[in-house]
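To start, the structure under review is shown below, and the notes come after it.
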Amino acid sequence: MPEQCVIVSAKRTPFGRYLGSLSEMEPLDVAAHAGRAALTAPGKDLSAEIDQIFVGNCIPSCFETGSVTGRQIGLKLGVDRFTITVDTACCSPLTALRLALWGLRLGELSSALVIGVEAMSRVPHMSRQLRNGVRIGEVKLTDQIYPIGYPGYNPVSVDASDGAEKYEIPKRMLDAWAMGSHRKWAQAQAEGKFADELAPIMATKKGNTFLFAGDESPRPDSTLAAIEQLPAVFGAKSTTAGNAPGLNDGASAVVIMTESRARSLGLEPLGTIVEMAGETDMPYGISWIPALTIRKVLSKVGLELDQIDLIEINEAFAAMPLVSAKILADGDKDVWHGLLQKTNVNGGAIAIGHPVGASGLRIMMTMMYELRRRGGGLGVAAICGGLTQGEAAIVRA
Amino acid sequence: MPEVKYHLDTESRVARFVIDTAGPVNSIGQQFMTDMEKATLQAHRDNVRGVIIVSGKKKSFLDGANLREIMTDATPQLIRITLRRFHDCLATLAKSPFPVVAVLDGQTALGGGFELLLWGCDQVLTTADSRMGLPEVSVGLFPAGGGTQVLRRVVGFKTAVDMIINARVSPAETFAQTDLVTICPSAELESRALEWIESHQGIVNHIYDPARVEPDRRSDEENQKIVNQAYFRATICPHRPYLQAAAQSMEAGLKLPLEEALRNDLDLFVSLFESPNTKNKIDFFFLTTSLGPRLVRVDPRKAVNVDSLAVIGAGLMGRGIAQVAAERGIRALLIDVDEAATRAAVEEIDRTLEGLVSKGKWPGSRKDKVMANLEGSTDYGRLREVPLVIECVFEDLPLKQRILARVQDANPDAIFASNTSTLPMDEIAAKSSRPEQVVGMHFFSPVPLMPLLEVIRGPRSSVAAVATAVTVGRAIGKTVILVNDGPGFYTSRTFATYVNNGFSLAERGVLPWDVDFMALQAGFPQGPLNVYGATGGNVIYHAGSFMASRFPERMALPESLKKLYQAGYVGLGKPSFYLDHRNMIRDESVMEHIAPIEGLPAPNQDEVQDILLLGMCNEAFWCMSDGVLPDYYSMDLGAVLGIGFPDCWHGPARYVSLRGVKAVKARLEELADRFRLPGLRPAPEFDRLVACGLDRFLI
C-alpha cells in the first residue's frame, strides 16, 4: 500500500470575466501569484520543499511563448525544479495533479506544486497564412475561443445541448440550474466561504492598479425568467449565454505531499487524495463523461456513490452536472434530484467563471474546503475536457 | 440637447417651451427638471408676456416620471430630493407673473405630465381627443407630484378621489366643464393660446388664488364619507400600500394647507419604495410595456397578411373580437346562424358603442370607424374573401369540428383560429385534412377591455398559422402569450383551479361569501364563487367538467358545483356575492346547494388565502412541468392580465419567488394533506427548482 497523498495547501486567484480585471495581466504572473499563494499559505514558505512542478493549461497561445509554460512559471517563483506542462484541455490541471500523484506513489517525489492557469481574454486571433507572406485577397483570422471546438467536430456547446436532449433534460432546467449556480454562489459568498481559497491579486488594467479580490462573473441579481429569454448559440438547441459559463481568466494551485513528508514539515493536511482517474468516450460525449469518470474512480477504490457526501461536476455547461448526475442516478428522478442537491453546493463555473485550464483544481479545492466546513467527509470532483476526456478525483477531508 | 427647448418670439414676447425628452414618450427625469427650471428662469429674465408649453412628440405631451431612472440606484434621500424638486419646479412656474398655457393636440398628459397642467399652467387648450389622468396607482405609486392635492382644486374632491384611486385616464372632453381646460379644434390651438395670454395678463394661478372657490364643494361629513369609501377599497387587500397612500394623501389634503400636504406626500411616497408590492407593480409595468411586446418571437414574414377576417358566432365574445378588429382597420365579417341573429349582433354593437359616445367616453368618429368595418352575414361562401376565420361558437367539440369542416370546405387556405377556452387544438383539428391551419386564439371577456390574448400552438399548427395569430393579436392591441396545446392550455386550467378551490373551501366549512371576501382580501378582483355567478354557471360547469375529465386526480369537479348546476341554479348572478360600500352582499340562497365535507378542520383566513393563491401558483407550475407554458414571463403576464391573479404580486412566479420555492412546496403539501385537496400536491417543477438550488429569483 503506497503512502497517502495529502493536500497541504490550495489557493486560487479570483476569476476575472472576459476582458475584465485580469485581462491585461500576463498569465504567467497570474499563475505565479496562485503558486506563490499556495506555497506560503500554510504559514511558512514551501518553495524549497517542492520536488517538481506540474502545470496544466488548455490554450497555450494565451502566453507570449506557449512552450515550457511550467518552467517559465517555476522560474518566476524561484523554484528551480523540473516542470511538466500538460494539456488535456479542461482536464489539464487535474491531469497535472494525477501526474504528481503518480510521482508520489512511485516514490520518485514526495512533494509537488500543481498549477492550472488560463487567460481566455488574452488568446490571440490566429492566422496560418501570414508565414508565407500575404498575396492579394483576404487574410483569414480564426478565433480559437469562438466557438470552442475542434476541426471536424461540433462546437462543444452543440455537444452539450445534444447531451441534454439525449437525456431528456429540458432547457428550462438548464436555465434553472444556471440561475441556481448564481444563487448558491451568492449564498456562499455572503457566508464568506470563498475566503479559504481566494488569493486576492494586485491587478493592472488601463493603467489602474487595484486589488482584485473577488470573482467577477457571478450575476446573482439576474432572474431565471431573464436567463430563459437568451437565444441559443452556435446552432445548439438549448445552450445559451445564460446556461454556460463565460470566457474567463484565472489560476489555481495546490501543494501535495506524501503524508510523511507533510508530517515531517509539521504541516496539517487539508485533505487526502483518495484516488484519481481519467476516462474517455465517443468525442461528442462531453456532457456525460464526468459520470463515466466518477464511476471509474469510485470502482477503483470500491466506493459507492451513496458514500459520497459532496459532488463537484464542472459546469462547462449546465448540461454537464445535470446529464452526469442523471446517469449516476440511473435515470431515477428522486435519486437524481438528491444527487443534484449535493452537487456544486456553492455554485459552479456558470457563476464563478471557467478559466478552462484552471477550473479543475478550483472545483477540487472548493469541494475540499466545503467538506472541511462540514466536519469532514468524502467528495468527488469531475471535469470534462475537449473531445471527451474526463478527470475525476476523490478527496477525503 | 435640452429636454425643454426655449424659444422666444421677439415680436409677441411669448415664449414657447417645447418638451422633447429622450425615449419614445416624454418623461420626467433629472434632465427634464433641469431644463424646465432653466426655461422658466429664462422666461423670467426675458420678462415674457406669457409661456406656451407644447410637446415635440406627436402622441405624448408628458407622460409621468421616468421610472427606469427612478429605480436605478434609488435611495430614499434621492427620491425625496427628486420629488421635492418637481414640486418646486411646478410651483415656480405657477407663481410666475406671466400666464402659462399648455397646448395639447391629441396628446397624452399622464401622471407628472397632468400635474404640470393642473398646477403649473393657468390654462390648457386641447383638442377633444387628448387624454389625461393620474394613473400612478397602476404602477404601485400615487400622484405625489402634487396630483392628489391639485386635481381636487380643479375637478372637485369626489371626482378627484375616483380618478386617482381607479387610475382613470380620460379624454380631455371630461375636463371641459372645468375652468382650466378649454377644448378647441387643432387648427385654432395656436391663435387661441396667444389670445388667452393677451387677455389674461396678470392672472393669478388657480392653485394660489384665494378668491377661487373649489368646484363641487361638499360638507366635511360628505368628504369624510368619500374618504372612508376610498379607504375601504384601498385597504380590503393590505398588499396595495399605494392605494392606501393615495387615500391618506387626499384625506390629509382636506385639512392641511397645500405646503404641508405636499410635505406629507413626500413621506408617503418615499415609504412606498420599501414595499415589495410597489416593486412588483413597477416591474409588471415594465413586463407589459417593454418585455411583453417582444416576448413571443415569431417571424412576421411567415404571417399571412390579414386585412379582413371572419368571426363565426356572434355572442358576446364574437362581437367583442369583431369590434376590436374593426376598430384597428381590419374588416370584420360577423357570421351567425340566421339573418336575425347577425342583424341583432351588429345592432347590439352599434347600441353599445353609441352608449360610449353619448357618455363622452368615445369620440363619434371612433364608433363610425368600427361600424364602417363591420358586416353581418350568414353566408359561409363569403369566407373565400378572408385569410383568417375566428370561431367563437359554443364550447362543444363535435360542433367545433363541424364548423371547421364547413370553413375548410368554403376556404381551405384560411387560417382557422379557435377561441375555445378549454378544447385542445389537436382535437379540434383531429378530423381535418389540413390540421396545420388550426391554431388557438383564446380571448378574454369582455374582449375590448381585457388586454390578454393566449395563442395556442397545436402540435400540428403551422408556423404560418401561429405567426398570423400572434401578429393579428398584436395588431388589435393585445398582449400575446404563446403556449403549447393541452386541455385548458394555461389560463383556463389555472383559472379552473381557482374556482374549484373556492367551492372546495365552501364545502370545508367556510361560508361562501366569506370565501369570496377573503379572496378580495388576498387581492383577487373577484371571488371564486362570484365567478360562477357572474359567468352564468353554465360555462364554469362545462369547462370544469371537461377539465375534470382530463385531470381526474387533481381537478375533480367539487360536488357543490355539480349540485348547483344540476339544481338549475344557473344564470347571471347566482350566487351573487359582491361588495357594496362596506359589506359583502350575502346571497344565502346558495347554502342549500353546498355539500359539506365532514371530518376536516375549518380553514382559517391564512389557509383560505393560501389555498386560493398557492393553488393557482401550483397549477401554473404544473403548466410549466407539462410543457404548456414556455417561460416564467408568460406565466406572470397571463395570470395577471387574463385570470385575475393579484396584480400586487406580479404573478405566480414572483409570488412563489418571494415566499421561496421550498417554503411554498412545503405549504402546498401541508394544505393538501390537511384539507384533502389533491389539486394542491406540488407540481414536479418545484422539485426541479429545489434540485437546482434555486429558491428565489425566478422572475
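None of the figures in this text is laboratory data; all of them are computed from the coordinates on show. The model shown is predicted, which means the values in this text are computed figures rather than measured ones. Neighbour counts are summed over all protein chains in view; Cβ atoms, including those assigned to glycine, are modelled from backbone coordinates with ideal geometry.
Quick notes on this structure:
- Ranking of B:Asp63, B:Asp636 by count of other Cβ atoms within 10 Å, fewest first: B:Asp63, B:Asp636
- Placed amide H near A:Gly271: partners under 5 Å, 5+ positions off or other chain: A:Ile7
- Proximity of backbone amide H atoms, modeled 1.01 Å from N, is registered between A:Glu197 and no other residue at under 5 Å, excluding neighbours fewer than 5 places apart on the same chain.
- Size of the stretch B:397-552 from its Cα atoms: along the principal axes, largest to smallest, the extents are 54, 32, 23 Å.
- Pairs over the 29 Å Cα-Cα cut-off, from the set A:Lys326/B:Lys281; A:Lys205/B:Lys38; A:Lys296/A:Lys342; B:Lys95/B:Lys359: A:Lys326/B:Lys281; A:Lys205/B:Lys38; B:Lys95/B:Lys359.
- 3J(HN,Hα) along the stretch B:646-661: x, 5, 5, 9, 6, x, x, 5, 5, 4, 5, 4, 6, 7, x, 4 Hz, from the Karplus curve 6.51 cos²θ - 1.76 cosθ + 1.60 with θ = phi - 60°, whole Hz, x for Gly and Pro.
- Across chain B, Cα pairs under 8 Å and at least six residues apart give a relative contact order of 9 percent.
- Spatially, the stretch A:326-397 and the stretch B:374-389 are offset by 63 Å when compared through their Cα centroids.
- log₁₀ of I(q)/I(0) at q = 0.05, 0.07, 0.11 Å⁻¹ - chain B, Debye sum with one point per alpha carbon: -0.27, -0.53, -1.23
- Residues of type lysines that B:Lys255 reaches as a straight line, Cα spacing below 16 Å, ignoring anything fewer than 8 places off in the same chain: B:Lys158, B:Lys225
- Value of relative contact order over the stretch B:546-695, rounded to a whole percent, pairs C-alpha under 8 Å and six or more apart: 22 percent
- Rg and Dmax over the alpha-carbon atoms of the protein assembly as shown stand at 34.4, 107 Å.
- Residue by residue, the stretch B:211-221 carries 3J(HN,Hα) couplings of 7, 7, 9, 5, x, 6, 6, 10, 5, 4, 4 Hz when phi is fed to the Karplus relation 6.51 cos²θ - 1.76 cosθ + 1.60 (θ = phi - 60°); x denotes Gly or Pro.
- Prolate/oblate/rounded label for the stretch A:1-105 (Cα gyration tensor, a/c 1.5): prolate
- Considering only the Cα atoms of the stretch B:4-272, their convex hull presents on average a projected area of 13.4 nm².
- Per-residue mean of foreign Cβ neighbours for A:215-226 is 4 (Cβ atoms of other chains, 10 Å radius).
- Pairs of Cα atoms in the stretch A:52-138 fall into 10 Å distance bins, from 0 up to the last occupied one, in shares of 17, 40, 24, 12, 6, 1 percent.
- Over the stretch B:624-699, the ratio between the Cα radius of gyration and 2.2 N^0.38 Å evaluates to 1.09.
- Eligible aspartates and glutamates near B:Lys5 by straight Cα distance, threshold 16 Å, same-chain separation 8 or greater: B:Asp20, B:Asp35, B:Glu37, B:Asp46
- A viscosity of 1.567 mPa s and a temperature of 4 °C, combined with the Kirkwood radius over C-alpha pairs in the Stokes-Einstein formula, give the stretch A:200-259 a diffusion coefficient of 85 µm²/s.
- Within the protein assembly as shown, DSSP assigns beta bridges of which about 45% are antiparallel (rounded to the nearest 5).
- Rg then Dmax, both in Å and based on the Cα atoms of the stretch B:167-222: 14.9, 46.
- When the stretch B:492-691 is reduced to its Cα atoms, the Kirkwood hydrodynamic radius in Å: 16.8 Å
- Among B:Leu614, A:Leu198, sorting on how many other beta-carbon atoms sit within 10 Å of each Cβ, with the fewest leading, yields A:Leu198, B:Leu614.
- In Hz, Karplus ³J(HN,Hα) per residue of the stretch A:104-118 (6.51, -1.76, 1.60; θ = phi - 60°; x = Gly, Pro): 5, 5, 6, x, 6, 10, 10, 7, 7, 9, 10, 10, x, 9, 8
- With contacts taken as Cα pairs under 8 Å at a separation of at least 6 residues, the stretch B:305-486 carries a relative contact order of 21 percent.
- In the stretch B:361-482, lysine pairs with alpha-carbon atoms under 25 angstrom apart (chain gap of 8 or more, or interchain): 6
- Size-normalised alpha-carbon gyration radius of the stretch B:15-102, reference 2.2 N^0.38 Å: 1.13
- Whether the stretch B:305-486 is rounded, prolate or oblate, judged on the alpha carbon gyration tensor where a/c under 1.5 counts as rounded: prolate
- Per residue of A:172-183, other chain Cβ atoms within 10 Å of the residue Cβ number 6 on average.
- Principal axis analysis of the Cα atoms in chain A yields extents of 59, 59, 39 Å, listed in decreasing size.
- For B:Lys400, A:Lys296, B:Lys255, order by how many other beta-carbon atoms lie within 10 Å, fewest first: B:Lys255, A:Lys296, B:Lys400
- Dipole magnitude for chain A: computed about the Cα centre from +1 point charges on Lys and Arg Cβ and -1 point charges on Asp and Glu Cβ, it is near 480 debye.
- Of every Cα-Cα pair in the stretch A:105-179, the percent that sits beyond 15 Å: 76 percent
- Mean residue ellipticity (222 nm) of chain B, computed from DSSP H runs ≥ 4 via -39,500 (n - 2.57), nearest 500: -14500 deg cm²/dmol
- Mean partner shielding of peptide A:323-336, defined as the number of other chain Cβ atoms within 10 Å of each residue Cβ, is 1.
- Sorted peptide list for A:308-321, B:566-579, criterion being average Cβ within 10 angstrom, highest first: A:308-321, B:566-579
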